[in-house]
Amino acid sequence: MAVQEEHTRADVLRNRAALLDAAADVLASAPEASLAEIATRAGLTRATLYRHFESRDALLSAIQEEVLRRASEALAGLDLAGCDTREGIRRAAAELVPLALRFRILLAGGASGDPAFLAAREQVLAPLWAVLDRGVEAGELPAAANPAWLRAVLAGLLMTAARAAGAGLVDPGEASELVASTFLEGFGRGGPGA
C-alpha cells in the first residue's frame, strides 16, 4: 500500500511540475492562452490541470511560488557571502536572468506590482542585497547611493534583461553579463556618485 501511495504522490508531483513548465512556456509566448492549451502542452488533460489549479489565478500564483523557490535555491548555492561585489552580482545575474527569462510571464502579468509577491521577492533576494551592502561598505559602490535605489536599479536591470532576451533584442547567453557590466559600470568605482 505504501508503495502505491509513493507512486501516486510521485505522479502528482510530476504532473504539477509538467503543468508549471508548460504554463511558463505557453504563457511566455501567448499570455492569453487557455488553460486547455497549457494542459495539452503538458501532455495532460484539462481535468488534471484543474485538480492542481482551480483557476488561472491559482496557476499564476503557483508560478510565482515556483520562481521564488527556484531563485532562493539558486542564490543559496552561489556562496555570495564569500565573494566581492563584482563577482557576487555576476554570479547572481547568471542565475537570475535565465530564471526571469523562463518565467517572464510574471513580468508581463503584473506580478511585479503585487505587494505579497514583492515582499516574498525581497526575502529571496536578501543574499544579493547583502552583496550590495558590502559593496557600499568596501567602497566598491558609492557610499552616497541609497541602498533601496541600488536594489531597485539592479532588480530593474534583471527584469529588463529577461524581457529583452525574450524579445530577441539580446542574446540570452549574454544577458546576465550585460546586467552585471551595466550595473557595475554605472555604480562601480568611477561611476555616478563615486
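The values are calculated or read from the model by the stated rules, or taken from the named source; none is laboratory data. Predicted, not measured: the structure shown is a model, and the values here were computed from it. For neighbour counting, all protein chains shown are included, and Cβ atoms are generated from backbone atoms with ideal geometry for every residue, glycine included. Keep in mind that these areas ignore ligands, DNA and RNA; they rest on the heavy atoms of the full protein, side chains included. Shrake-Rupley method; radii C 1.70, N 1.55, O 1.52, S 1.80 Å.
Net charge of the neighbourhood of Glu54, taken over other residues with C-beta under 14 Å away and scored Lys/Arg +1, Asp/Glu -1, is +3. Entry note: the range 1-73 has Rg to Rh equal to 1.01, where both radii use alpha-carbon atoms and Rh is the Kirkwood radius. Along each principal axis, taking the top coordinate minus the bottom one, the Cα set of the chain gives 61, 39, 30 Å in descending order.
Work out the FRET efficiency for Ser61 and Ala130 from their Cβ-Cβ distance, taking R0 = 22 Å, and round it to the nearest 0.05.
Numbers: r = 28 Å, r/R0 = 1.26.
Once the sixth-power term is evaluated, E becomes 0.20.
Take the Cα of Leu118, go 7 Å toward its beta carbon, and the backbone nitrogen atoms of the range 143-165 under 16 Å from that spot belong to 148-157, 159.
When the accessible area of the chain is computed with all protein chains present and a 1.4 Å probe, what percentage of it is carbon and sulfur? Intermediate values should be presented prior to the final figure.
Working: 5550 of 10160 Å².
With neighbouring chains kept in place, the figure for the chain is 55 percent.
Ile38 exposes around 0 Å² of accessible area when a 1.4 Å probe is run over every protein chain in place. Multiplying the residue separation of Arg46 and Asp79 by 0.36 nm and removing their Cα-Cα distance gives an extension gain of 7.7 nm.
Protein heavy-atom accessible surface, 1.4 Å probe, per residue over the chain: 52 Å².
Sites count as exposed loop sites when they are GluC sites (Glu not before Pro), lie in a DSSP loop, and have at most 11 other Cβ atoms within 10 angstrom; the longest stretch of the chain without one is 55-194. In the distance distribution for the range 93-184, Cα-Cα pairs more than 17 Å apart total 51 percent. How fast does the range 49-136 diffuse by Stokes-Einstein, in µm²/s, taking the Kirkwood radius from C-alpha pairs at 10 °C and 1.306 mPa s? In µm²/s, the coefficient rounds to 114.
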